[in-house]
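Read the structure below first, then the notes.
Values quoted throughout were computed directly from the atomic coordinates according to the rules given, and no laboratory measurement underlies them. A quick note: this is a predicted structure, and the numbers were derived from the prediction, not measured. Cβ coordinates were reconstructed from backbone atoms using ideal geometry, including for glycine residues, and neighbour counts include every protein chain displayed.
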Amino acid sequence: MASEADATEQSPIEPARSACDDAQAADAGPVEPQLSAEERRRRDDAMAHVRRLGDPVLKTRALPVSRFDAELRRQVDWMRDLMEGAVGVGLAATQVGIVERVLVYRTEPESPIVAVINPEIEWRGEELETAEEGCLSIPGVHVDVERNVHVRVGAVDETGTPFTIEASGLEARVLQHEIDHLDGVLMLDRTTREQKREAMRTWRERHAAE
């Protein structure tokens with residue numbers, strides 16, 4: 001397992017409402033489903049590993065992966081399990097304290113969870129779309145973010161094999177959100193000053209109530 005950045009232990013986090021309820025974007029997943037007691041326990045166990053706003057690792061630019069071994073594959077499988085347990089659609093390594101350019105995501109419930117390593121956005125379409133996003137690292141906060149509707153991402157998988165993703169709509173938004181995480185950029189950095197101010201007020205009130 002890659003070394004983790006120092007930070008205090010995090011309390012369980014509920015999945016935030018998705019980037020937009022209609023499109024289900026960002027890494028928070030769809031609107032929270034009705035969960036059984038076991039599913040809720042699994043979700044809370046998974047979310048206990050997610051770093052929250054204010055943790056320095058969330059503002060850290062992740063480093064490229066240079067080793068493709070059993071340790072990396074275990075790390076990727078662990079992240080897949082966490083994302084699935086959290087009922088999420090995406091998770092970046094920095095969100096769990098690992099400063100490496102690794103993300104996992106899945107935008108269709110029946111699809112496999114894809115590992116994307118050393119991702120680079122190679123092309124962005126001209127069409128833009130603004131939608132509300134949420135983030136597992138900032139639970140309870142939602143802001144409007146403008147993203148490219150179409151992107152092409154180059155990356156490698158956990159074996160080091162190169163591949164390309166031609167993404168549109170929800171998939172493109174999720175990838176841009178997670179790659180932002182790997183660059184130390186949060187959705188709050190992509191919204192308006194007014195929405196960021198309101199989001200921080202909501203965040204402080206939420207913490208005061210905990």
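State the extension gain, in nm to one decimal, for the chain segment bounded by Leu63 and Arg152, taking 0.36 nm per residue of separation less the distance between their alpha-carbons.
Result: 30.0 nm gained on full extension.
Applying the criteria of a DSSP loop state and at most 12 other Cβ atoms within 10 Å to the GluC sites (Glu not before Pro) of segment 92-197 yields Glu110, Glu126, Glu127.
With +1 on each Lys and Arg Cβ and -1 on each Asp and Glu Cβ, and nothing else charged, work out how big the dipole of segment 19-158 is about its Cα centre, in Debye to the nearest 20.
Taking the Cα centre of segment 19-158 as origin, the dipole is about 640 debye.
Can you tell which of Val153, Val87, Thr192 lies farthest toward the positive end of the dipole of segment 37-209, using +1 and -1 charges on the Cβ of basic and acidic side chains (Lys, Arg; Asp, Glu)? Sorting the options by dipole projection puts first Thr192. Note that segment 99-210 carries a Kirkwood radius of 15.2 Å, evaluated over its alpha carbons pair by pair. Along its three principal directions, the equivalent ellipsoid of segment 55-159 from the Cα gyration tensor extends over semi-axes of 22, 17, 15 Å, largest first. Placing a label point 7 Å from the Cα of His207 along the Cα-to-Cβ direction, the residues of segment 50-64 whose backbone N falls under 18 Å from that point are 50-60. Taking every Cα-Cα distance in segment 31-84 and sorting them into 10 Å bins starting at zero, the pair-distance distribution P(r) comes out as 19, 36, 34, 11, 0 percent. Measuring between their Cα centroids, segment 43-117 and segment 155-210 lie 13 Å from each other.
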